[in-house]
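The structure under discussion appears below in the form of structure tokens.
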């Protein structure tokens with residue numbers, strides 16, 4: 001006998017609480033049991049007038065609503081509130097009853113503007129500390145990486161503008177150089193960037209992540225424009241991590257995008273082991289690479305493969321020029337491989353951190369099994385978090401425009417991922 005159900009019977013009463021209707025393994029129920037959000041009210045109390053004005057939306061309910069959206073990958077406010085009207089779990093997680101009106105989606109926009117970027121950063125840091133208290137953060141090995149996030153602009157908004165820069169040539173004269181610069185007229189803070197030369201430039205922001213090795217907790221996140229250099233961010237990341245966790249990591253892993261002499265030097269000064277593979281040595285056609293020139297830091301000299309000395313002549317941005325004597329190069333048997341026909345002597349640039357870079361190259365040839373293991377973990381640990389944020393929590397593309405809004409989106413994504421780590425820890 002075929003069963004039949006009538007769909008036109010409205011329920012007048014529901015026995016029990018909303019909590020009983022939500023499966024125990026549902027992400028919002030698990031996060032609610034693992035994470036305490038009651039501190040939100042005290043965190044934002046100073047941003048409200050305690051004596052006048054209409055009562056605001058409960059700050060904890062507002063933050064829970066935003067976190068719920070990022071946990072479920074619903075990052076647009078309008079869509080989130082539309083889903084909350086029919087999703088019992090979201091209502092229960094945020095403390096709204098079935099017959100209670102939900103706030104308008106524009107309320108979340110005003111709340112973000114009132115709280116500001118720094119408030120969301122502090123909220124993220126609170127959840128990191130909760131992970132540390134739970135034993136999910138060891139602060140021994142930190143994996144660092146960055147990823148591009150597509151800005152919320154269309155290609156039609158990218159325009160070419162000719163900007164003029166005044167460069168000081170000397171104390172008494174200046175010249176004007178004109179260059180072409182592309183930017184979006186709807187989001188000027190986004191910059192054109194790409195992950196490789198084979199891919200086209202796109203308006204982007206860049207997310208810099210630091211992930212603890214033990215449980216994959218994000219211990220630091222910073223959003224910048226798409227053209228920001230990773231090597232310029234890593235030391236600030238470590239400083240923030242040390243200040244937050246009260247401990248300095250013993251080792252840091254990163255890919256070759258961080259393989260700069262200044263990075264190796266800064267990590268050496270901190271006593272942090274750098275598990276960062278040096279970049280491949282570039283050698284153009286008929287050009288003898290710098291690695292074949294021996295640098296003597298004590299004597300402050302450079303010797304070419306033929307044993308001739310190159311002397312330091314003048315300073316450049318990050319180091320010094322070393323030049324050979326024209327007479328030494330005139331009859332050199334390797335002249336054809338070392339110099340172009342229009343040049344009569346060899347010039348090399350030795351950066352101030354070149355010795356640290358050489359040491360890093362020598363260490364890479366003798367990495368221990370543990371270092372190799374940690375670098376393999378780097379690939380899936382931090383890059384896996386990037387994929388998790390983009391595929392499951394809406395970080396593939398900016399939701400709103402401007403660096404401040406992008407930063408808030410990054411903090412909420414990282415907070416949601418860390419909340420899942422807490423929920424999974426039991």
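Derivation of every value follows stated rules applied to the coordinates shown; laboratory data play no part. No experiment lies behind these values; they were computed from the predicted model shown. No Cβ is skipped: glycine too gets one built from the backbone with ideal geometry, and neighbour counts run over all protein chains shown.
Summary table
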{"read-out": "Paramagnetic reach from residue 196 in region 372-386 [backbone N under 18 Å; point 7 Å along Cα→Cβ]", "value": "379-380, 383-384"}
{"read-out": "The chain: angle of helix 59-71 to the longest principal axis, Cα-based, in degrees nearest 10", "value": "60 degrees"}
{"read-out": "The chain: relative contact order as a whole-number percent, Cα under 8 Å and 6+ apart", "value": "20 percent"}
{"read-out": "CD proxy at 222 nm, helix term only [per DSSP H run n ≥ 4: -39500 (n - 2.57); per residue of the chain; nearest 500]", "value": "-11500 deg cm²/dmol"}
{"read-out": "Residue among 324, 17, 107 with the largest mean-square fluctuation in a Gaussian network model of the chain, springs linking Cα atoms under 10 Å", "value": "17"}
{"read-out": "Between region 385-415 and region 243-259, the Cα center-to-center distance that results, in Å", "value": "22 Å"}
{"read-out": "Length-normalised contact order of region 276-357 in % [C-alpha pairs under 8 Å, at least 6 apart]", "value": "24 percent"}
{"read-out": "Gaussian network model of the chain, springs between alpha carbon atoms under 10 Å - residue of 104, 255, 77 with greatest fluctuation", "value": "104"}
{"read-out": "Principal axes of the chain: Cα extent on each, largest first, Å", "value": "101, 59, 53"}
{"read-out": "Angle in degrees between helix 403-424 and the longest Cα principal axis of the chain, rounded to the nearest 10", "value": "70 degrees"}
{"read-out": "Length-normalised contact order of region 18-133 in % [C-alpha pairs under 8 Å, at least 6 apart]", "value": "30 percent"}
{"read-out": "Residue 391-residue 364 pseudo-label distance in nm [points 7 Å out on the Cα-to-Cβ vector]", "value": "2.9 nm"}
{"read-out": "Gap separating the Cα centres of region 15-38 and region 296-370, nearest whole Å", "value": "64 Å"}
{"read-out": "Spacing of the two label points (7 Å from each Cα toward its C-beta) at residue 47 and residue 380, in nm", "value": "3.9 nm"}
{"read-out": "Degrees between helix 261-270 axis and first principal axis of the chain (Cα, 0 to 90, nearest 10)", "value": "70 degrees"}
{"read-out": "Selected from 391, 332, 304 as most flexible by GNM, with the chain as the system and alpha-carbon contacts under 10 Å", "value": "332"}
{"read-out": "Virtual spin-label span in nm between residue 82 and residue 314, 7 Å along Cα→Cβ", "value": "6.3 nm"}
{"read-out": "Descending semi-axes in whole angstrom, ellipsoid equivalent of region 272-426, from the Cα gyration tensor", "value": "48, 20, 14"}
